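Engineer: Before I ask anything, here is the structure I am working with.
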Amino acid sequence: MRALMRNARDVAAVVAPDGSLSYVGEAAARVLGYSSDRLIGTQLIDHAHPDERDEVRRRIAARLIAPASVSSPAVFRFRHADGRWRWVEAVSNNQSDDPDIGGVVLNVRDVTEQLDTAERLRVSEARYQTLAETAPVGIFQTDSAGEVIFANARFASIAGLTLEQLLGSGWLDAVHPQDRAQVEADWRGGLDRGAAAAPLLLDFRFHDAAASVDMRVLCQRVPLEGDGGFIGTITDVSEYVRTANALLLSEARNKATVDTAADAILTMDDDDCVVSFNRAAEEMFGVAAPDILWNRLDSLFPAAQLRETDGQRFEFPPGQTTAVIARSRSIEARRVDGTVFPIELSVSASEVEGRRFYTGILRDVTERRRAEQEMIAAREAAEAADKAKSVFVATVSHELRTPLNAVIGFAQLLEMKQGEPTTELYPDYVRSIRQSGEQLLSIIDDILDITRIQTGRLELMETPLDLDALVTQAVSDMSFVANHSAVRLDVQVDETLPPIRGDERRLRQALCNLISNGVKFSHPNDVVTVSAGRDADGWVTLVVRDTGIGLDPANIPRVTVPFVQLDQSMARRFDGLGLGLPLAHRLVEAHGGSLTIESQLEQGCAVTIRLPPERVLSLDDLLR
């Protein structure tokens with residue numbers, strides 16, 4: 001028996017009547033990290049998790065008085081030699097009457113990974129179920145024969161059926177009678193090809209006979225890998241179709257009006273492509289409409305001139321879809337023959353189904369400009385545009401702060417009343433409102449700070465500062481963000497670092513921005529190190545170093561420019577306004593310091609703040 005236990009793959013052990021381990025198999029070194037000698041003679045419960053020791057003690061005592069038989073498996077935590085708690089499964093057998101054993105035989109195996117896998121699977125399934133039930137589109141799954149075996153509530157809502165009625169082929173009953181035969185034929189086609197079937201896209205109508213309402217939908221279906229079934233979505237596009245039809249009618253009316261206008265009128269979409277070009281525009285630029293439509297506007301003048309002045313996308317008030325965003329904007333345009341001429345441009349923005357269009361009314365002001373000094377006019381226009389940008393940002397930010405403060409205040413009041421009768425998810429909704437408000441308020445503060453700096457109105461409130469406390473507070477402020485991203489923050493501060501003179505809030509703001517960037521561009525389980533020390537030349541240094549994605553050295557000068565994002569694609573991975581580094585850079589410069597960046601792609605990034613020696617405070621300075 002001892003030989004069998006010694007050669008067992010799992011850990012074989014014997015627990016004596018006094019609870020000590022009288023025998024431990026050699027597998028303990030592999031499974032638990034202990035040699036047999038280290039475990040023999042120790043109490044079993046000393047190795048169990050404190051929360052489970054009573055249960056382990058109870059089970060051993062019960063086995064000692066039970067007849068010889070194999071118990072049901074028991075799962076508890078056992079401290080591994082490396083200090084971690086490992087989940088183990090133990091099966092016991094009372095062999096106290098056997099003189100060669102004289103105790104309870106345990107067969108122990110490590111089940112930590114199995115439990116972790118089960119938990120991850122449970123969380124994944126719960127997440128999938130939540131996504132399916134909260135998705136704004138219908139979601140369904142079929143078997144290999146195309147019969148629906150799962151559908152979410154949104155699918156039922158779109159089809160006007162109950163979930164039970166949708167299953168199988170029941171959903172076809174809701175398809176419009178004129179579309180049903182074709183939909184069923186297309187639906188059945190390709191089912192025999194299984195996973196090799198091509199994705200299916202169907203456009204048809206659901207019909208509600210009781211309400212006499214038709215709903216146009218778009219159905220997409222793709223095969224499931226290795227499952228023999230299919231998964232897909234049902235999207236309600238009826239509102240889009242109605243809007244598109246209304247837009248076609250509106251465009252027909254507008255075209256007749258626009259073509260009779262004396263001023264040149266053109267429209268550009270969000271991709272900078274010309275989508276309308278009236279007859280006056282043809283005469284002004286010397287090009288026929290068919291030759292310019294759906295081409296980029298930049299061949300005539302910069303497309304940016306037909307957008308918002310400051311680059312910030314105009315947000316329409318509720319119920320409004322059109323607004324004038326620029327009046328009498330003076331720019332230069334180019335005819336197709338290369339002739340450059342000045343124009344005055346007024347711009348309006350409109351939005352249809354989330355798509356943005358910019359319409360410009362252009363007037364040739366060549367004759368009027370001849371009487372003006374072009375260089376002076378150009379300089380004044382540039383200064384006016386720059387001033388308008390700062391004023392616009394400051395005004396919009398001010399107008400947004402008041403409602404945002406109200407949102408945060410009411411959210412906090414509601415959060416304090418969580419004990420009162422409410423729905424289960426209500427506190428989470430309230431917390432989300434508050435956090436969103438605080439995030440937007442932080443963005444607005446950054447915009448205001450940039451505006452103050454650019455207009456020379458930033459004032460520093462300088463006091464003696466303990467850099468150790470400053471770094472600790474900044475790291476504490478960013479700990480939630482780091483934990484949420486699974487990034488660890490490490491602090492290394494020279495204990496001999498003297499106090500300095502500076503604006504505590506502004507320096508902490510700069511440091512938090514750098515830590516935020518370090519966390520944002522780090523991989524999960526990476527470490528962002530925040531260190532503080534002093535150079536040999538007396539300069540105080542604060543360094544934030546990460547091991548994340550890094551950046552191309554050629555792009556380093558760009559990241560300190562306000563509102564610049566290196567990734568400008570629609571699917572960019574990282575959010576933000578591009579103000580973190582520029583704002584930190586300017587706040588450090590306001591202290592007479594410098595901010596430098598060292599980085600390589602995929603090798604992380606190190607951002608160093610250097611503050612001049614004259615900001616270091618001596619004991620005499622502190623006593624004054």
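Engineer: What is the calculated FRET efficiency for ASP269 to ARG193, with r their C-beta to C-beta distance and R₀ = 51 Å, to the nearest 0.05?
Structural biologist: 0.85
Engineer: Find the accessible area per residue for the stretch 11-111; the probe is 1.4 Å, ligands and nucleic acids are left out, and the unit is Å².
Structural biologist: It amounts to 50 Å² per residue over the stretch 11-111.
Engineer: Let me ask something additional. Ignoring everything except DSSP H segments at least 4 long, calculate the 222 nm mean residue ellipticity for the chain; use -39,500 (n - 2.57) per segment, divide by total residues, nearest 500.
Structural biologist: -12000 deg cm²/dmol
Engineer: Bin all alpha-carbon pair distances of the stretch 135-242 at 10 Å intervals from 0 and give each bin's fraction as a whole percent.
Structural biologist: For the stretch 135-242, the binned pair fractions read 15, 51, 29, 4, 0 percent.
Engineer: Please work out the Cα center distance from the stretch 591-624 to the stretch 485-515, rounded to the nearest Å.
Structural biologist: Answer, in whole Å: 10.
Engineer: Hey, another quick one. Modelled label-to-label distance, ASP620 and ILE443, 7 Å Cα→beta-carbon offset: nm?
Structural biologist: 5.1 nm
Engineer: So how much slack lies between ARG38 and LEU249, counting 0.36 nm per residue of separation and subtracting their Cα-Cα distance, in nm?
Structural biologist: 67.3 nm
Engineer: Can you give me the accessible area per residue for the stretch 141-236, using a 1.4 Å probe, in Å²?
Structural biologist: Result: 51 Å² per residue.
Engineer: A follow-up question, please. Two decimals is fine: what is log10 I(q)/I(0) at q = 0.12, 0.14, 0.17, 0.24 Å⁻¹ for the stretch 263-368, from a Debye sum with one equal scatterer on every Cα and no solvent?
Structural biologist: Summing over Cα pairs of the stretch 263-368 leads to -0.38, -0.51, -0.75, -1.41.
Engineer: What FRET efficiency comes out for the pair THR117/LEU218, r = Cβ-Cβ distance, R0 = 30 Å, nearest 0.05?
Structural biologist: For R0 = 30 Å, the calculated efficiency reads 0.20.
Engineer: Something else about it: Tell me, in nm to one decimal, what length is gained between THR260 and GLU495 on full extension, where the rule is 0.36 nm per residue of separation less the Cα-Cα distance?
Structural biologist: Residue separation times 0.36 nm, minus the Cα-Cα distance, leaves 76.8 nm.
Engineer: When you have a sec, figure out the Kirkwood radius of the chain from all distinct Cα pair distances and drop it here in Å to one decimal?
Structural biologist: In the chain this quantity evaluates to 32.3 Å.
Engineer: With each pseudo-label sitting 7 Å past Cα toward Cβ, what's the LEU131-GLU367 distance in nm, one decimal?
Structural biologist: 6.4 nm
Engineer: I would also like to ask the following. Place a point 7 Å from the Cα of ASP54 along the Cα-to-Cβ direction; which residues of the stretch 71-95 have their backbone N under 17 Å from it?
Structural biologist: Correct set: 76-77.
Engineer: Would you kindly give the portion of the calculated P(r) for the stretch 25-102 that falls above 20 Å, as a percent of all Cα pairs?
Structural biologist: For the stretch 25-102, the share of Cα pairs beyond 20 Å comes to 37 percent.
Engineer: Ok, one more. Hey, how many Å between the Cα centroid of the stretch 185-209 and the Cα centroid of the stretch 167-181?
Structural biologist: If you average the Cα positions of each part, the centres end up 12 Å apart.
Engineer: Give me the number: length gained by fully extending ALA153 to ASP291, i.e. 0.36 nm times residue separation minus the C-alpha to C-alpha distance, one decimal in nm.
Structural biologist: Answer, rounded to one decimal: 44.8 nm.
Engineer: Calculated FRET efficiency, ARG355 and GLU602, Cβ-Cβ r, R0 35 Å, to nearest 0.05?
Structural biologist: 0.45
Engineer: Here's another thing I want to ask about it. How large, in percent, is the carbon and sulfur part of the accessible surface of the stretch 195-240 at a probe radius of 1.4 Å?
Structural biologist: Carbon plus sulfur share of accessible area: 55 percent.
The values are calculated or read from the model by the stated rules, or taken from the named source; none is laboratory data. What you are looking at is a predicted structure, and each value in this text was computed from that prediction instead of being measured. Please note: Cβ atoms are built from the backbone with ideal geometry, for glycine as well, and neighbour counts cover all protein chains shown. In case anyone asks, the SASA skips ligands and DNA or RNA and just uses the protein heavy atoms, side chains included. Shrake-Rupley method; radii C 1.70, N 1.55, O 1.52, S 1.80 Å.
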